[in-house]
1. For a Förster distance of 41 Å, can you work out the FRET efficiency between the beta-carbons of LYS87 and LYS223, rounded to the nearest 0.05?
2. Can you work out the accessible area per residue across region 142-253, with the rest of the protein chains kept in place, probe 1.4 Å, in square angstrom?
3. May I ask you to give the average projected area over all directions of the convex hull of the Cα atoms of region 56-137, in nm² rounded to one decimal?
4. Taking θ = phi - 60°, what integer Hz values does the Karplus form 6.51 cos²θ - 1.76 cosθ + 1.60 yield along region 61-75, in sequence order, with x for Gly and Pro?
5. 5 Å is the cut-off here: which amide hydrogens, built 1.01 Å from N in the peptide plane, fall below it relative to PHE202, excluding neighbours closer than 5 in sequence?
6. Which whole-Hz ³J(HN,Hα) couplings does region 107-122 yield from phi under the Karplus relation 6.51 cos²θ - 1.76 cosθ + 1.60, θ = phi - 60°, glycine and proline marked x?
7. Given 0.36 nm per residue, what is the gain on full extension from ASP180 to ILE285 after removing their alpha carbon distance, in nm?
8. Could you give each residue of region 145-151 its phi-based ³J(HN,Hα) in whole Hz, using Karplus coefficients 6.51, -1.76, 1.60 with θ = phi - 60°, and x for Gly or Pro?
Amino acid sequence: MEAIEEYSHFCDDQTNKVFVIYNLKDKSSNKLEVPYETVYLFDSVQIKNQIYFTGGGLPPADGKGEQFFQTALRLIILPGMDTKTEKLPNMKVSRANHTCVALTSNLIYVVGGCNSKAEIPSCEEFNIEKKTWREIAYLNEKKMWVSVCPVDSKFLYAFGGSSNLKPKESEMIEFLDTQDPTKKLWTKVTLTAGKEHWKRCFFTGCLQISPDEILLFGGLVNKKEVSETTYFNPKKCTMTQGPSLQKADAFYRMKPGKYGNEILVVGSCEGDLHSYNLGERKWNIVKKNIWNPEIGFAVKADTMQRSDDFQSISSKFNCIAVSYTHLR
């Protein structure tokens, strides 16, 4: 496991004006302006002092339909919280509601999502040093809201997601060996034990916590938040039950940060800051509703709606539509 520095970030996805640098050590925050042009449903990932924004869209307005973008931007945080930005080459495919993760300090991946036509299975790799995008193996399903976990700086594991725009939860687990360029599709995983501990879901949080364990927590099952936690062993393809969250929650683009022996992640329902102690293997709530009124983000319902079910999910979770990532 790589050492994790003490800062993370999350973004006000509604106004496109503010993001917060959050200190995992002392639980303090600093607000900065986001220069990214895409207002809705982008995803971001942070590597050291650099934040990478990808994709996203705009809702219908002025007689125009929904817009989806291929754009990418790098924001560099300088001493004193000054910033500078750099526009990066566009992705190959426009997408929103995708997942963006860093596998190494040089490789970023975007997985799935949706665009003006439907959900998409396509995935891409961005080489930071070369500043190039390339399309890679497709997911086995067209879906968005996929939980993606980097493993051993080589593999990507994808859990669940929404397999249509109703939405409908997926139970699929699949992985990609990023060092095998011949792969056309991700490899499906068949659980050898513990299948009863895995449910169809999306908005589930995930993080590799040891060579043999990926921690999966929370999410939406049948449109309701859950408190269940499971441990997935990628070597044995097994699931075992873990300790429950103290409060049921979902993690819509909320990526966990690790500081010392503690994993911290912001929940999507009410902005609670959850903490998982790696030694004690138990969950606590460190702070409740960390951005309102302390940070004061506006509560707004998303207007990118495609069906009644999708509208209800969007209205609930885009009132706190943020990206929360960690320095790797």
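1. Values: r = 38 Å, r/R0 = 0.92.
Step by step, r from the Cβ atoms, then E = 0.60.
2. On the way: 4750 Å² over 112 residues.
Per-residue value: 42 Å².
3. Details: hull surface 27.3 nm².
Approximately 6.8 nm², given one-decimal rounding.
4. Going residue by residue, I get 6, 6, x, 9, x, 4, 10, 10, 10, 9, 5, 8, 9, 10, 10 Hz, with x marking Gly and Pro.
5. Answer set, sorted by chain and number: GLY161, LEU220.
6. 10, 10, 10, 10, 10, x, x, 8, 9, 5, 8, 4, 5, 10, x, 6
7. Values: separation 105, 0.36 × 105 = 37.80 nm, distance 4.04 nm.
That pair, ASP180 and ILE285, stretches by 33.8 nm at full extension.
8. Working through the residues one at a time gives 6, 7, 8, 10, 10, x, 9 Hz.
The values are calculated or read from the model by the stated rules, or taken from the named source; none is laboratory data. Just so it is clear, the structure is predicted and the values come from calculations on it, not from any experiment. Using ideal geometry, Cβ is built from the backbone for each residue, glycine included, and neighbour counts are taken over all protein chains shown. SASA here: full protein model, heavy atoms, side chains in, ligands and nucleic acids out. Shrake-Rupley method; radii C 1.70, N 1.55, O 1.52, S 1.80 Å.
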